[in-house]
Amino acid sequence: MTTTIPHPPRRVPFVGDVLGLDTVTPNQTTLKRFTELGPIYRRSILGTDLTFVGSAELAAQVYDEARWEKFVGRPLERLRPVVGDALFTAYNWESNWAKAHEVLLPAFAKEAMISYHGTMTEVVDELCTSLDTHAGEFVPVVEQMGKLTLEVIGRCGFGYSFDSFGGAEHPLVGAMSRTLTHAQRSAVPLAFVGKLLRRKAERQNELDQELLVRTVDGVIEERRTTGERRSDLLDRMLHPDGDIELDAENIRNQVLTFLVAGHETSVNALAFALHFIARSPEIAARMRAEARAVVSSGEVTYDDVPRLRYTRQVISETLRLWPTAPGFFRSAKRDTTLGGHEISAGEWVFVLLLAVQRDAAWGPDADEFNPDRFTPENSRGRAPELFKPFGTGIRSCIGRQFALHEMTLALATLLVRFDVEPEPGYELAVEETLTLRPKGLRLKFTRVEV
Ligand code: HEM
């Protein structure tokens with residue numbers, strides 16, 4: 001049986017399904033559309049089809065790597081002028097993906113992670129000192145956590161400090177965020193109309209891209225000049241084992257990709273987690289009790305991190321409810337079907353994790369924050385498609401362990417050292433770049449007696 005994929009009810013002649021199109025919070029609007037149109041629907045705009053998948057059952061079909069593969073969707077294509085065929089934005093057939101994947105995979109293995117732990121701890125300590133200077137104030141959380149994640153990826157990945165805790169936010173941070181927002185907003189098929197009206201935004205985008213490239217060139221140049229050898233991502237690219245060589249442009253693209261990918265998603269996940277922790281004294285108390293019980297030496301060691309199980313549950317539940325990478329594109333490798341609909345080879349869909357991870361299979365309280373969903377007992381036998389915040393298959397997130405280690409270490413340390421207080425009257429609002437982030441979130445961090 002094949003049926004037509006549902007579409008929004010009112011089609012406009014010639015242009016198509018433009019009514020209700022949202023370029024500012026598209027993922028949250030798509031989440032709502034599923035309740036009206038069912039778990040799969042299609043917008044057709046000027047002859048371009050955008051098909052959205054929003055249930056675990058359909059996502060499971062798309063996760064079949066024999067039939068589906070990564071697709072470089074329009075927002076990712078918009079990033080290619082600045083990062084080219086680096087890991088995140090490469091087409092499957094581009095040889096640079098396989099080369100870089102092979103060179104960089106060992107940089108995320110256990111041995112490498114052990115070598116990053118000391119640097120991560122050092123940066124978390126600097127974050128705590130920075131929070132002390134704001135004692136008694138409600139501080140912008142994304143900004144503070146952004147300093148942490150930028151320094152961590154800068155120092156662990158490239159031996160480079162952006163001096164984030166030295167004063168004002170590094171201009172790279174704003175440039176990265178605006179570049180992602182621009183990629184998302186200019187990706188809709190009608191964007192060319194807006195483009196004529198948004199010349200200022202286009203000019204800003206050019207300036208941002210120049211700044212990103214200039215900054216990354218500085219990072220690489222510093223290493224080439226000193227000739228220093230380190231066990232980090234940049235060293236692996238400049239001096240790869242074996243006979244794979246990455247050319248200079250490719251290395252620049254990868255460094256920029258890691259700065260963006262290693263920073264944006266993690267900072268937003270930390271901010272969402274802190275929002276929920278601040279709202280729930282019970283969750284905060286359980287995390288603090290766990291950290292005090294596990295951490296014996298005053299500082300979280302590498303071996304302590306996997307023992308911080310409740311903290312990990314809090315992180316998992318945060319990424320379930322607000323997957324900071326809200327979804328990903330997949331295209332059909334051959335003619336196939338999806339939920340009974342015929343799909344031709346090359347057709348693509350966007351799997352909205354934001355919807356899939358709130359599937360009714362999570363229970364009637366799927367929209368509520370509850371870390372106990374991830375206890376070992378409750379996780380046993382759960383269908384894997386219900387939780388994929390780091391993507392799926394060969395093109396899933398290479399930095400998964402890095403992100404989880406960094407976030408667990410940071411949250412456990414913060415909870416041992418600080419009380420986290422919510423700002424009265426704050427209601428969670430979520431803004432979208434290519435990622436999701438809590439808008440205007442401010443929290444107060446007050447030292448606790450140890
Ligand atoms: C890919 C999520 C942290 C580097 C991905 C994908 C997702 C994801 C969903 C797959 C995208 C797709 O299929 O199109 C996240 C989340 C993070 C996180 C939620 C944190 C909470 C990181 C970190 C790094 C990183 C810390 C680097 C240190 C990458 C790269 C890719 C990727 C390079 C592309 C992999 C490839 O295609 O070979 N990430 N990520 N990510 N991520 Fe992450």
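Laboratory data are not the source of any read-out in this text; all were calculated from the coordinates shown. This is a predicted model, so every value here is computed, not measured. Because the Cβ atoms are built from the backbone with ideal geometry, glycine has one as well, and the counts that use them run over all protein chains shown.
Between the DSSP loop rule and a limit of at most 14 other Cβ atoms within 10 Å, which GluC sites (Glu not before Pro) in region 201-286 are left?
Details: sites: Glu202, Glu206, Glu210, Glu221, Glu222, Glu228, Glu245, Glu249, Glu264, Glu282; in loops: Glu228, Glu245.
For GluC sites (Glu not before Pro) across region 201-286 that sit outside H, G, I, E and B with at most 14 neighbouring Cβ atoms in 10 Å, the list reads Glu228, Glu245.
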- request: Hey, can you grab everything whose amide H is under 5 Å from the amide H of Leu338? Only 5+ residues off in sequence or another chain; H modelled, so Pro and N-termini drop out.
  value: Ile343
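On average over all directions, what projected area in square nanometres does region 199-349 have, based on the convex hull of its Cα atoms?
Values: hull surface 66.3 nm².
Projected area, direction-averaged: 16.6 nm².
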statement: Simple SL model, points at 7 angstrom along Cα→Cβ for Arg292 and Ile114; separation in nm is 3.2
- prompt: Working out 0.36 nm times the residue gap between Ile394 and Ser161, then minus their Cα-Cα distance, what length gain in nm do you get to one decimal?
  reply: 80.8 nm
message: Suppose each label sits 7 Å from its Cα in the direction of the beta carbon; what would the Glu368-Thr225 distance come out to in nanometres?
response: 5.7
- request: In vacuum, with every alpha carbon of region 229-295 counted as one equal point scatterer, what does the Debye formula give for log10 I(q)/I(0) at q = 0.11, 0.14, 0.23 Å⁻¹? Two decimals, please.
  value: -0.52, -0.66, -0.97
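Apply 1/(1 + (r/R0)^6) to the Cβ-Cβ distance of Glu299 and Thr129, taking R0 = 22 Å, and write down the FRET efficiency to the nearest 0.05.
Working: r = 14 Å, r/R0 = 0.65.
E(calc), rounded to 0.05, equals 0.95.
Nearest 0.05, what FRET efficiency do Gln401 and Asp243 give at R0 = 30 Å with Cβ-Cβ as r?
Details: r = 27 Å, r/R0 = 0.90.
After rounding, the FRET efficiency stands at 0.65.
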message: How large is log10 of I(q)/I(0) for region 293-450 at q = 0.08, 0.15 Å⁻¹ when the intensity is taken from the Debye formula with one equal scatterer per alpha-carbon?
response: -0.32, -1.01
field: Rounded, prolate or oblate (a/c below 1.5 giving rounded, otherwise prolate when a/b exceeds b/c) for region 368-412 by Cα gyration tensor
entry: oblate
query: Anyone know which of Pro438, Pro424, Pro323 comes out most mobile in the 10 Å Cα GNM of the chain?
result: Pro424
query: How large is the charge dipole for the chain, taken about the Cα centre, if only the Cβ atoms of Lys, Arg (+1) and Asp, Glu (-1) carry charge, to the nearest 20 debye?
result: 1100
- request: May I have the pair-distance distribution P(r) for region 1-130, computed from all Cα-Cα distances with 5 Å bins from 0 and rounded to whole percent?
  value: 2, 8, 11, 13, 14, 13, 13, 10, 7, 5, 3, 1, 0
- request: Above 37 angstrom, tally the Cα pairs of the chain and express them as a % of all pairs, no decimals.
  value: 25
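Quick one: Kirkwood hydrodynamic radius for region 84-159, alpha-carbon pairs, angstrom, one decimal?
With all distinct Cα pairs of region 84-159 included, I get 14.8 Å.
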- prompt: To the nearest 0.05, how large is the calculated FRET efficiency for Leu207 and Tyr91 if R₀ is 25 Å and r is the Cβ-Cβ distance?
  reply: 0.35
field: region 357-447: trypsin sites (Lys or Arg not before Pro) in DSSP loop, at most 16 other beta carbons within 10 Å
entry: Arg380, Arg382, Lys439
query: What ³J(HN,Hα) values, in whole Hz, does the Karplus curve 6.51 cos²θ - 1.76 cosθ + 1.60 give for region 57-65 when θ = phi - 60°, with x put for Gly and Pro?
result: 4, 6, 4, 4, 5, 5, 6, 6, 5
query: Amide H of Leu443: which non-local residues (sequence gap of 5 or more, or other chain) have their own amide H closer than 5 Å, using H built in the peptide plane?
result: Val139, Val141
- prompt: Over region 321-394, what number does the Rg to Rh ratio reach, with both radii from the alpha-carbon atoms and Rh per Kirkwood?
  reply: 1.03
- prompt: ³J(HN,Hα) across region 382-391 via Karplus (A = 6.51, B = -1.76, C = 1.60, θ = phi - 60°), whole Hz, x for Gly/Pro?
  reply: 6, 5, x, 5, 6, 8, 9, x, 9, x
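Quick one: which of 127-135, 177-185 comes out on top by average Cβ neighbours within 10 Å, and what's the full order, highest first?
Working: 127-135: 14.9, 177-185: 21.2.
Result, highest mean Cβ count within 10 Å first: 177-185, 127-135.
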